[in-house]
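Trainee: Have a look at this one.
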Amino acid sequence: AKTAGKGGFSLYSPDAHERARQRVRRVADLREALENDRLELAWQPQVSLEDGRVTGLEALARWPRDDGQPISPAEFIPLAEQSGLILHLGRWVIDTAISEARTLLQTWPALQHARFALNLSPCQLDESLPAMLTERLARAGLPSDCLEVEITESALFTDQAGVTETLNAIGSAGIRLAVDDFGTGYSNIARLKLLPIHRLKLDRSFIADLEHDPGDRELVRALLAMARALDLDVIAEGVETRTQADFLARNGCPHAQGYLYARPQPLAPLKSWLRG
Ligand code: C2E
Ligand code: CA
Ligand code: CA
Ligand code: CA
(Lines give C-alpha, C1' and ligand atoms only; values in the text may rest on other atoms or scores of the structure.)
(Ligands and ions follow the chains in the order given, each with its own letter.)
Protein backbone atom coordinates (compact mmCIF):
# COMPACT_ATOMS: atom_id res chain seq x y z
CA ALA A 1 0.00 0.00 0.00
CA LYS A 2 0.99 3.55 -0.64
CA THR A 3 1.93 5.64 2.34
CA ALA A 4 2.38 9.37 2.53
CA GLY A 5 5.48 11.02 3.89
CA LYS A 6 6.21 12.03 7.42
CA GLY A 7 3.01 12.80 9.33
CA GLY A 8 1.13 12.63 6.07
CA PHE A 9 -2.19 11.13 5.24
CA SER A 10 -2.58 8.09 3.08
CA LEU A 11 -5.71 7.00 1.33
CA TYR A 12 -4.57 3.42 1.47
CA SER A 13 -3.46 3.09 5.04
CA PRO A 14 -5.59 0.47 6.76
CA ASP A 15 -6.02 2.82 9.71
CA ALA A 16 -7.56 5.63 7.72
CA HIS A 17 -9.69 3.11 5.90
CA GLU A 18 -11.04 1.62 9.10
CA ARG A 19 -11.69 5.04 10.57
CA ALA A 20 -13.62 6.09 7.48
CA ARG A 21 -15.66 2.89 7.63
CA GLN A 22 -16.40 3.54 11.30
CA ARG A 23 -17.57 7.08 10.55
CA VAL A 24 -19.92 5.88 7.84
CA ARG A 25 -21.38 3.38 10.30
CA ARG A 26 -21.72 6.07 12.99
CA VAL A 27 -23.54 8.40 10.63
CA ALA A 28 -25.94 5.61 9.68
CA ASP A 29 -26.53 4.84 13.37
CA LEU A 30 -27.16 8.50 14.12
CA ARG A 31 -29.62 8.80 11.25
CA GLU A 32 -31.46 5.76 12.55
CA ALA A 33 -31.49 7.11 16.10
CA LEU A 34 -32.99 10.37 14.84
CA GLU A 35 -35.61 8.61 12.76
CA ASN A 36 -36.62 6.44 15.68
CA ASP A 37 -36.71 9.36 18.08
CA ARG A 38 -34.00 7.92 20.27
CA LEU A 39 -32.11 11.13 21.00
CA GLU A 40 -32.78 12.89 24.28
CA LEU A 41 -32.23 16.24 25.85
CA ALA A 42 -30.45 16.84 29.11
CA TRP A 43 -31.06 20.16 30.86
CA GLN A 44 -28.46 21.97 32.90
CA PRO A 45 -29.57 24.68 35.32
CA GLN A 46 -28.09 28.16 35.23
CA VAL A 47 -28.11 30.06 38.51
CA SER A 48 -27.83 33.60 39.77
CA LEU A 49 -24.58 34.16 41.69
CA GLU A 50 -26.38 36.80 43.70
CA ASP A 51 -29.14 34.74 45.23
CA GLY A 52 -28.67 31.20 43.93
CA ARG A 53 -31.96 31.13 42.09
CA VAL A 54 -32.36 29.19 38.86
CA THR A 55 -32.48 31.75 36.06
CA GLY A 56 -32.19 29.47 33.09
CA LEU A 57 -31.78 25.96 31.71
CA GLU A 58 -29.59 24.84 28.81
CA ALA A 59 -30.66 21.93 26.62
CA LEU A 60 -27.84 19.57 25.63
CA ALA A 61 -28.32 16.74 23.15
CA ARG A 62 -27.79 13.16 24.32
CA TRP A 63 -27.49 9.95 22.34
CA PRO A 64 -28.10 7.02 24.69
CA ARG A 65 -27.11 3.75 23.09
CA ASP A 66 -28.30 0.22 23.45
CA ASP A 67 -24.86 -0.94 24.51
CA GLY A 68 -24.96 1.54 27.40
CA GLN A 69 -21.99 3.47 26.00
CA PRO A 70 -23.28 6.97 25.34
CA ILE A 71 -21.52 8.96 22.65
CA SER A 72 -20.59 12.50 23.54
CA PRO A 73 -22.18 15.37 21.62
CA ALA A 74 -18.63 16.66 21.23
CA GLU A 75 -18.33 13.68 18.88
CA PHE A 76 -21.76 13.28 17.28
CA ILE A 77 -22.53 16.96 16.70
CA PRO A 78 -19.47 17.46 14.46
CA LEU A 79 -20.36 14.19 12.74
CA ALA A 80 -23.89 15.48 12.14
CA GLU A 81 -22.48 18.76 10.84
CA GLN A 82 -20.17 17.05 8.38
CA SER A 83 -22.80 14.61 7.12
CA GLY A 84 -25.64 17.11 6.72
CA LEU A 85 -27.73 15.41 9.42
CA ILE A 86 -27.40 18.51 11.57
CA LEU A 87 -30.42 20.23 10.03
CA HIS A 88 -32.62 17.30 10.95
CA LEU A 89 -31.00 16.98 14.36
CA GLY A 90 -31.21 20.74 14.91
CA ARG A 91 -34.93 20.79 14.16
CA TRP A 92 -35.43 17.92 16.56
CA VAL A 93 -33.58 19.84 19.28
CA ILE A 94 -35.68 22.97 18.67
CA ASP A 95 -38.99 21.06 18.70
CA THR A 96 -38.11 18.98 21.73
CA ALA A 97 -36.59 21.82 23.74
CA ILE A 98 -39.64 24.03 23.20
CA SER A 99 -42.05 21.24 24.03
CA GLU A 100 -40.14 20.25 27.19
CA ALA A 101 -39.83 23.90 28.19
CA ARG A 102 -43.59 24.12 28.01
CA THR A 103 -43.97 21.04 30.21
CA LEU A 104 -41.51 22.46 32.74
CA LEU A 105 -43.28 25.81 32.86
CA GLN A 106 -46.64 24.13 33.39
CA THR A 107 -45.44 22.00 36.28
CA TRP A 108 -43.01 24.51 37.72
CA PRO A 109 -44.35 28.06 37.86
CA ALA A 110 -41.16 29.28 39.59
CA LEU A 111 -39.48 28.96 36.19
CA GLN A 112 -41.76 31.61 34.74
CA HIS A 113 -38.93 34.08 34.33
CA ALA A 114 -36.30 31.49 33.48
CA ARG A 115 -34.73 31.27 30.07
CA PHE A 116 -34.55 28.11 28.03
CA ALA A 117 -31.36 27.90 26.05
CA LEU A 118 -30.48 25.69 23.12
CA ASN A 119 -27.37 25.35 20.99
CA LEU A 120 -27.31 26.10 17.27
CA SER A 121 -24.73 25.00 14.74
CA PRO A 122 -23.51 27.57 12.21
CA CYS A 123 -25.24 25.83 9.29
CA GLN A 124 -28.61 26.24 11.00
CA LEU A 125 -28.32 30.01 10.72
CA ASP A 126 -30.18 30.28 7.43
CA GLU A 127 -32.91 32.70 6.51
CA SER A 128 -35.73 30.30 7.41
CA LEU A 129 -34.58 29.86 11.02
CA PRO A 130 -36.12 32.98 12.66
CA ALA A 131 -39.63 32.24 11.32
CA MET A 132 -39.29 28.59 12.28
CA LEU A 133 -38.38 29.51 15.85
CA THR A 134 -41.21 32.03 16.26
CA GLU A 135 -43.70 29.61 14.75
CA ARG A 136 -42.69 26.83 17.17
CA LEU A 137 -42.82 29.20 20.14
CA ALA A 138 -46.23 30.54 19.16
CA ARG A 139 -47.57 27.03 18.72
CA ALA A 140 -46.40 26.14 22.22
CA GLY A 141 -47.85 29.35 23.59
CA LEU A 142 -44.49 30.57 24.85
CA PRO A 143 -43.21 34.15 24.71
CA SER A 144 -40.17 34.64 22.46
CA ASP A 145 -38.04 36.05 25.23
CA CYS A 146 -38.09 32.79 27.16
CA LEU A 147 -35.88 31.32 24.43
CA GLU A 148 -32.15 31.89 24.21
CA VAL A 149 -30.06 30.58 21.36
CA GLU A 150 -26.38 29.87 21.96
CA ILE A 151 -23.98 30.30 19.10
CA THR A 152 -20.26 29.83 19.50
CA GLU A 153 -18.04 32.83 19.17
CA SER A 154 -16.31 31.29 16.18
CA ALA A 155 -19.61 30.66 14.34
CA LEU A 156 -20.75 34.19 15.04
CA PHE A 157 -17.75 35.85 13.51
CA THR A 158 -17.28 33.97 10.29
CA ASP A 159 -18.19 35.74 7.10
CA GLN A 160 -20.77 33.10 6.17
CA ALA A 161 -23.28 34.99 4.05
CA GLY A 162 -26.54 36.02 5.64
CA VAL A 163 -25.61 35.25 9.25
CA THR A 164 -25.91 38.88 10.36
CA GLU A 165 -29.37 39.15 8.78
CA THR A 166 -30.50 35.92 10.42
CA LEU A 167 -29.24 37.06 13.82
CA ASN A 168 -30.90 40.42 13.44
CA ALA A 169 -34.19 38.75 12.58
CA ILE A 170 -33.86 36.50 15.63
CA GLY A 171 -33.19 39.59 17.75
CA SER A 172 -36.15 41.48 16.28
CA ALA A 173 -38.39 38.53 17.10
CA GLY A 174 -37.46 38.98 20.76
CA ILE A 175 -35.41 35.80 21.03
CA ARG A 176 -32.23 36.15 23.07
CA LEU A 177 -28.75 35.48 21.78
CA ALA A 178 -25.83 34.18 23.84
CA VAL A 179 -22.24 33.92 22.63
CA ASP A 180 -21.05 30.43 23.58
CA ASP A 181 -17.44 29.59 24.44
CA PHE A 182 -16.72 33.28 24.70
CA GLY A 183 -13.05 34.24 24.88
CA THR A 184 -11.81 31.37 22.73
CA GLY A 185 -12.47 33.05 19.38
CA TYR A 186 -11.61 36.34 17.87
CA SER A 187 -14.54 38.66 18.30
CA ASN A 188 -13.82 42.30 18.20
CA ILE A 189 -15.75 44.65 20.38
CA ALA A 190 -16.95 46.73 17.46
CA ARG A 191 -18.74 43.71 15.95
CA LEU A 192 -20.11 42.54 19.27
CA LYS A 193 -21.90 45.86 19.50
CA LEU A 194 -23.42 45.44 16.05
CA LEU A 195 -25.18 42.16 16.80
CA PRO A 196 -28.28 41.68 18.99
CA ILE A 197 -26.32 39.87 21.71
CA HIS A 198 -27.65 39.62 25.25
CA ARG A 199 -25.09 37.53 27.03
CA LEU A 200 -21.58 36.16 26.89
CA LYS A 201 -20.87 32.65 28.11
CA LEU A 202 -17.33 32.61 29.50
CA ASP A 203 -15.69 29.47 28.25
CA ARG A 204 -14.91 26.76 30.79
CA SER A 205 -11.20 26.91 29.92
CA PHE A 206 -10.97 30.25 31.78
CA ILE A 207 -12.75 28.90 34.83
CA ALA A 208 -11.03 25.55 35.34
CA ASP A 209 -7.75 26.94 36.75
CA LEU A 210 -9.04 30.10 38.41
CA GLU A 211 -7.84 28.86 41.78
CA HIS A 212 -4.26 28.29 40.70
CA ASP A 213 -3.65 30.62 37.80
CA PRO A 214 -3.38 34.35 38.56
CA GLY A 215 -3.26 34.99 34.81
CA ASP A 216 -6.70 33.39 34.38
CA ARG A 217 -8.05 35.46 37.26
CA GLU A 218 -6.79 38.61 35.57
CA LEU A 219 -8.27 37.50 32.26
CA VAL A 220 -11.67 36.75 33.75
CA ARG A 221 -11.70 40.13 35.51
CA ALA A 222 -10.91 41.80 32.18
CA LEU A 223 -13.64 39.86 30.32
CA LEU A 224 -16.16 40.78 33.03
CA ALA A 225 -15.17 44.44 32.81
CA MET A 226 -15.57 44.32 29.05
CA ALA A 227 -19.03 42.78 29.33
CA ARG A 228 -20.04 45.49 31.79
CA ALA A 229 -18.78 48.18 29.45
CA LEU A 230 -20.83 46.65 26.65
CA ASP A 231 -23.81 46.27 28.94
CA LEU A 232 -23.98 42.52 28.33
CA ASP A 233 -25.04 39.81 30.73
CA VAL A 234 -22.44 37.14 31.54
CA ILE A 235 -22.58 33.52 32.60
CA ALA A 236 -19.53 31.48 33.58
CA GLU A 237 -19.51 27.92 32.23
CA GLY A 238 -18.07 24.84 33.91
CA VAL A 239 -18.12 26.11 37.48
CA GLU A 240 -17.16 23.13 39.62
CA THR A 241 -15.99 24.53 42.95
CA ARG A 242 -17.22 26.92 45.59
CA THR A 243 -13.92 28.85 45.31
CA GLN A 244 -14.52 29.47 41.61
CA ALA A 245 -18.09 30.59 42.29
CA ASP A 246 -16.95 32.92 45.10
CA PHE A 247 -14.29 34.49 42.91
CA LEU A 248 -16.80 35.05 40.12
CA ALA A 249 -19.42 36.51 42.47
CA ARG A 250 -16.85 38.84 44.06
CA ASN A 251 -15.90 40.11 40.65
CA GLY A 252 -19.43 40.84 39.57
CA CYS A 253 -20.21 37.84 37.37
CA PRO A 254 -24.01 37.63 37.54
CA HIS A 255 -24.59 34.00 36.51
CA ALA A 256 -22.99 30.57 36.60
CA GLN A 257 -23.54 27.07 35.29
CA GLY A 258 -21.65 23.91 36.15
CA TYR A 259 -21.38 20.68 38.08
CA LEU A 260 -21.21 22.65 41.36
CA TYR A 261 -24.93 23.28 40.93
CA ALA A 262 -26.12 20.44 38.76
CA ARG A 263 -25.14 18.16 35.90
CA PRO A 264 -27.21 18.20 32.73
CA GLN A 265 -30.16 15.85 33.30
CA PRO A 266 -33.37 14.64 31.67
CA LEU A 267 -36.76 16.10 32.58
CA ALA A 268 -37.73 13.65 35.34
CA PRO A 269 -34.63 13.98 37.56
CA LEU A 270 -34.53 17.70 36.77
CA LYS A 271 -37.98 18.09 38.26
CA SER A 272 -36.92 16.45 41.51
CA TRP A 273 -33.73 18.56 41.56
CA LEU A 274 -35.87 21.68 41.23
CA ARG A 275 -38.09 20.45 44.03
CA GLY A 276 -35.12 19.80 46.33
P1 C2E B 1 -21.29 23.61 25.22
O2 C2E B 1 -22.49 24.19 24.56
O3 C2E B 1 -20.17 24.53 25.54
O4 C2E B 1 -21.87 22.89 26.52
C5 C2E B 1 -21.19 22.83 27.74
C6 C2E B 1 -20.58 21.46 27.94
O7 C2E B 1 -19.90 21.44 29.20
C8 C2E B 1 -21.60 20.35 28.03
O9 C2E B 1 -20.97 19.20 27.49
C10 C2E B 1 -21.82 20.18 29.53
O11 C2E B 1 -22.28 18.89 29.89
C12 C2E B 1 -20.41 20.40 30.02
N13 C2E B 1 -20.36 20.91 31.39
C14 C2E B 1 -21.30 21.64 32.05
N15 C2E B 1 -20.88 21.95 33.30
C16 C2E B 1 -19.65 21.42 33.43
C17 C2E B 1 -18.68 21.40 34.51
O18 C2E B 1 -18.89 21.96 35.59
N19 C2E B 1 -17.50 20.76 34.26
C20 C2E B 1 -17.25 20.15 33.09
N21 C2E B 1 -16.08 19.51 32.95
N22 C2E B 1 -18.14 20.14 32.05
C23 C2E B 1 -19.32 20.78 32.23
P24 C2E B 1 -21.75 18.21 26.50
O25 C2E B 1 -23.17 18.08 26.95
O26 C2E B 1 -20.91 16.98 26.39
O27 C2E B 1 -21.76 19.01 25.14
C28 C2E B 1 -20.57 19.28 24.44
C29 C2E B 1 -20.80 20.24 23.31
O30 C2E B 1 -21.61 19.64 22.29
C31 C2E B 1 -21.55 21.50 23.72
O32 C2E B 1 -20.68 22.41 24.34
C33 C2E B 1 -22.07 21.97 22.38
O34 C2E B 1 -21.06 22.66 21.67
C35 C2E B 1 -22.35 20.66 21.66
N36 C2E B 1 -23.80 20.37 21.76
C37 C2E B 1 -24.50 19.71 22.71
N38 C2E B 1 -25.81 19.66 22.41
C39 C2E B 1 -25.96 20.32 21.22
C40 C2E B 1 -27.08 20.62 20.38
O41 C2E B 1 -28.25 20.32 20.68
N42 C2E B 1 -26.82 21.32 19.22
C43 C2E B 1 -25.56 21.72 18.90
N44 C2E B 1 -25.39 22.40 17.74
N45 C2E B 1 -24.49 21.48 19.67
C46 C2E B 1 -24.68 20.79 20.82
CA1 CA C 1 -23.78 25.87 24.95
CA1 CA D 1 -19.85 26.61 25.96
CA1 CA E 1 -17.83 24.23 24.46
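The values are calculated or read from the model by the stated rules, or taken from the named source; none is laboratory data. These numbers come from a predicted model, not from an experiment. Note: ideal-geometry Cβ built from the backbone for every residue, glycine included; neighbour counts use all protein chains shown. We work out accessible area using only protein heavy atoms, side chains counted, and drop any ligands, DNA or RNA first. Shrake-Rupley method; radii C 1.70, N 1.55, O 1.52, S 1.80 Å.
Trainee: What does the stretch 106-197 give for Rg and for Dmax, in Å, if only its C-alpha atoms count?
Mentor: 13.7, 42
Trainee: Same structure again: How long are the semi-axes of the equivalent ellipsoid of the stretch 41-180, taking √(5λ) for every eigenvalue λ of the Cα gyration tensor, in whole Å from largest down?
Mentor: Sorted largest first and rounded, they come to 23, 21, 15 Å.
Trainee: Below 8 Å, C-alpha to C-alpha, sequence gap of six or more: please give me the relative contact order for the chain in percent.
Mentor: In percent, rounded to a whole number, it is 18.
Trainee: In addition: What spacing in nm lies between the two simple spin-label points modelled at S172 and E240, each 7 Å away from Cα in the Cβ direction?
Mentor: 4.4
Trainee: Would you mind counting up the charge near L195? Only other residues with Cβ under 13 Å from its Cβ, with Lys and Arg at +1 and Asp and Glu at -1. Display every interim value, and only then the final one.
Mentor: Working: positive: R176, R191, K193, R199; negative: E153, E165.
With Lys, Arg at +1 and Asp, Glu at -1, the net is +2.
Trainee: What are the semi-axes of the equivalent ellipsoid of the stretch 114-164, taken as the square roots of 5 times the eigenvalues of the Cα gyration tensor, listed largest first and rounded to whole Å?
Mentor: Here the semi-axes work out to 22, 13, 7 Å.
Trainee: A follow-up question, please. Using the Cα atoms of the stretch 150-239 to build a convex hull, what is its mean projected area in square nanometres?
Mentor: Averaged projected area of the stretch 150-239's Cα convex hull equals 5.6 nm².
Trainee: Hey, how much of the P(r) for the stretch 32-94 falls beyond 14 Å, as a percent of Cα pairs?
Mentor: Roughly 63 percent, rounded to a whole number.
Trainee: Here is a follow-up. Pop the C-beta distance of N251 and A16 into the FRET formula with R0 = 41 Å and round what comes out to the nearest 0.05. It would help to have the intermediate numbers written out before the result.
Mentor: On the way: r = 47 Å, r/R0 = 1.16.
E(calc), rounded to 0.05, equals 0.30.
Trainee: Contact order normalised by length for the stretch 92-182, with contacts defined as Cα pairs under 8 Å and 6 or more residues apart; what percent is it?
Mentor: That works out to 32 percent.
Trainee: Moving to a separate point now. Could you give each residue of the stretch 58-75 its phi-based ³J(HN,Hα) in whole Hz, using Karplus coefficients 6.51, -1.76, 1.60 with θ = phi - 60°, and x for Gly or Pro?
Mentor: Those phi angles translate into 9, 8, 10, 6, 10, 10, x, 10, 4, 7, x, 9, x, 9, 5, x, 4, 9 Hz.
Trainee: In whole percent, and with a 1.4 Å probe on the protein chains, what portion of the accessible area of the stretch 92-157 is carbon and sulfur?
Mentor: The nonpolar share, carbon plus sulfur, comes to 53 percent.
Trainee: Find out how many positive minus negative residues lie around Y186, taking Lys and Arg as positive, Asp and Glu as negative, among other residues whose Cβ is under 14 Å from that of Y186.
Mentor: Spelling it out: positives minus negatives among the neighbours equals -3.
Trainee: Would you mind getting me the FRET efficiency between M226 and A161? Use the beta-carbon distance for r and R0 = 35 Å, nearest 0.05. Present the calculation step by step, with values, prior to reporting the outcome.
Mentor: Details: r = 28 Å, r/R0 = 0.81.
Computed FRET efficiency for M226 and A161: 0.80.
Trainee: Oh, and also: Any chance you could run the full-extension gain for A28 through S154? It's 0.36 nm times the residue separation minus the Cα-Cα distance, nm to one decimal.
Mentor: Extra length available between A28 and S154 comes to 42.5 nm.
Trainee: Find the accessible area per residue for the chain; the probe is 1.4 Å, ligands and nucleic acids are left out, and the unit is Å².
Mentor: Working: 14340 Å² over 276 residues.
Per residue, the chain has an accessible area of 52 Å².
Trainee: In the chain, what is the volume of the convex hull around the alpha carbon atoms, normalised per residue and reported in Å³? Walk me through the intermediate numbers first.
Mentor: Details: hull volume 46.1 nm³, N = 276.
Per residue, the Cα convex hull of the chain comes to 167 Å³.
Trainee: Quick one: net charge of D231's neighbours, Cβ under 15 Å, K/R +1, D/E -1? Walk me through the numbers before you get to the answer.
Mentor: On the way: positive: R176, K193, R199, R228; negative: D233.
Summing Lys/Arg as +1 and Asp/Glu as -1 gives +3.
Trainee: I've got another one for you. Restrict the search to the stretch 33-118; then list the GluC sites (Glu not before Pro) that DSSP places in a loop and that have at most 16 other Cβ atoms within 10 Å of their Cβ. Each step should come with its number before you reach the end.
Mentor: Values: sites: E35, E40, E50, E58, E75, E81, E100; in loops: E50.
In loop regions of the stretch 33-118 (DSSP not H, G, I, E or B), the sparsely surrounded GluC sites (Glu not before Pro) are E50.
Trainee: Given the protein chains as shown and a 1.4 Å probe, how many square angstrom of V47 are accessible, to the nearest 10?
Mentor: It works out to around 0 Å².
Trainee: Between the stretch 28-50 and the stretch 172-214, how far is it from one alpha carbon centroid to the other, in angstrom?
Mentor: 23
Trainee: Pairing the Cα long axis of helix 14-35 with the longest principal axis of the chain, what angle in degrees results, from 0 to 90 and rounded to the nearest 10?
Mentor: Approximately 50 degrees, to the nearest ten.
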